[in-house]
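The values are calculated or read from the model by the stated rules, or taken from the named source; none is laboratory data. The model shown is predicted, which means the values in this text are computed figures rather than measured ones. Because the Cβ atoms are built from the backbone with ideal geometry, glycine has one as well, and the counts that use them run over all protein chains shown.
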Ligand SMILES: Cc1cc2nc3c(=O)[nH]c(=O)nc-3n(C[C@H](O)[C@H](O)[C@H](O)COP(=O)(O)O)c2cc1C
């Protein structure tokens, strides 16, 4: 438990928002917190492809503070290591300031800030009373943030969703900042926007917040990033300090390589190359239980466009579990490498290995066709119709409506944002979506 002198120490050595932002290198491309997915190995890989800040998966504060096994499963000696895993923000969900503080103190020497998850919309968060289910409990939210602000050695940050009412969202964001949050991430969706209702993130509301919060607020926008081009577009249209991506990054780590737009090897890397690189990172950092556990899910996501064309490899991968030795995973990686080698041995490969950008859309960006052997965003079908088609229809239906320039780009994750069930599906024999 903190003493008065701890509090003094915490206050004197901590950097406020903008100074902190500058000290960690003014990152503009952020790996989102993702349960079971933004773990050590994935963060290392994502940084190689251009990410400049990463968040850990959400950790359950009470479990982290009280269960050694949970800590062992979720956190390794290499997490937050200065030489391989920084800058890093560790995210917790919590509803009890004391447990939150205890948990955060266990990692305060291994990260640049601790984030409070105020956005999780899943049933498990409702049951556990955390995430977006604290959106009505402003006193509790303020207490959680302020406890870390006054007692933790590193700064506290927060990630929120929006309310249907803009003014209420603005008041909420101000409260979060006044309580001590040094960075604010806004995921521009309502709490109800999950599963089949996920839909578009609301860039107009994100921009409204940006424009109406104090100008020195360190402000991150989250939602609707499909392609590298969407990142600078988001920054320009919303005036945010940085852009956070979750699913865009998961299916294509090259999404962050905005300095190399036009270089398909960097922005739409080949699945065999990403898979090999990721697998080598997991092997090299084998002490991370979380990375080992997340491996199957990452394999399926990296290979998402590829596996329907190579069902034999899909079946091979489906048999594996985190308990299988690396040699068996190696067989899958090698099979993918051989298959892509065969693809590139075709005499007409130069005409096939082409990325086509289609006409600009009403939402401001443009869809692309990417060969299936390259990483790319995934459009999850809902009732047999993919999100790009639905968004096109949505705008066609609204031809008479004035579309603001910051209308959000297409949504890529529609059917299933339930992280727990997503994970379970993919860890079973095969992902339901394949
Ligand atoms: C697999 C997965 C896991 C997620 N886990 C978390 C989490 O642990 N904490 C959190 O605040 N948000 C979590 N989210 C939400 C994302 O951080 C992000 O806010 C959301 O997906 C919208 O961003 P996107 O449009 O780039 O996907 C998760 C999303 C996905 C797809």
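In table form, for the structure just shown:
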quantity: Some residue of the stretch 253-264 being outside any loop (DSSP other than H, G, I, E, B), touching a strand residue (DSSP E or B) at 6+ places or on another chain (Cβ under 8 Å), at pLDDT 95 or above and within 13 Å of the ligand (Cβ to nearest atom); calculated: yes
quantity: Residue match in the stretch 268-289 (condition: buried (at least 21 other Cβ atoms within 10 Å of the Cβ), within 15 Å of the ligand (Cβ to nearest atom), within 21 Å of the chain's Cα centre (by Cα) and in a helix (DSSP H, G or I)); calculated: no
quantity: Of residues in the stretch 42-63 being part of a helix (DSSP H, G or I) and within 15 Å of the ligand (Cβ to nearest atom), the one nearest to residue 88 (Cα to Cα); calculated: 43
quantity: Selection within the stretch 71-110 - more than 20 Å from residue 44 (Cβ to Cβ) and under 17 Å from the mean Cα position of the chain (by Cα); calculated: 92, 93
quantity: Qualifying residue in the stretch 210-218 (condition: assigned to a helix (DSSP H, G or I), more than 24 Å from residue 91 (Cβ to Cβ) and more than 17 Å from the chain's Cα centre (by Cα)); calculated: yes
quantity: Residue count, the stretch 158-188 (criterion: within 16 Å of residue 137 (Cα to Cα), without any contact (Cβ under 8 Å) to a residue 60 or more places away in the chain and within 14 Å of the ligand (Cβ to nearest atom)); calculated: 5
quantity: Residue satisfying all of: in the stretch 189-217; over 22 Å from residue 120 (Cβ atoms) and touching a residue at least 40 places away in the same chain (Cβ under 8 Å); farthest from the ligand (Cβ to nearest atom) among these; calculated: 216
quantity: Residue within the stretch 245-262 that is more than 16 Å from residue 374 (Cα to Cα) and surrounded by fewer than 20 Cβ atoms within 10 Å (Cβ to Cβ) present; calculated: yes
quantity: Failed item, numbered, when residue 268 is tested on (1) over 16 Å from residue 333 (Cα atoms); (2) without any contact (Cβ under 8 Å) to a residue 60 or more places away in the chain; calculated: (2)
quantity: Unmet requirement for residue 250, which otherwise passes all of (1) part of a helix (DSSP H, G or I); (2) at pLDDT below 95; (3) within 14 Å of the ligand (Cβ to nearest atom); calculated: (2)
quantity: Selected residue (only one of 294, 334, 359 is buried (at least 19 other Cβ atoms within 10 Å of the Cβ) and more than 17 Å from residue 377 (Cβ to Cβ)); calculated: 294
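Results for (1) part of a helix (DSSP H, G or I); (2) buried (at least 17 other Cβ atoms within 10 Å of the Cβ); (3) within 16 Å of the ligand (Cβ to nearest atom); (4) modelled with pLDDT under 95, shown as yes or no for each residue.
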site: 5; (1), (2), (3), (4): yes, no, no, yes
site: 18; (1), (2), (3), (4): yes, no, no, no
site: 22; (1), (2), (3), (4): yes, no, no, no
site: 65; (1), (2), (3), (4): yes, yes, no, no
site: 80; (1), (2), (3), (4): no, yes, no, no
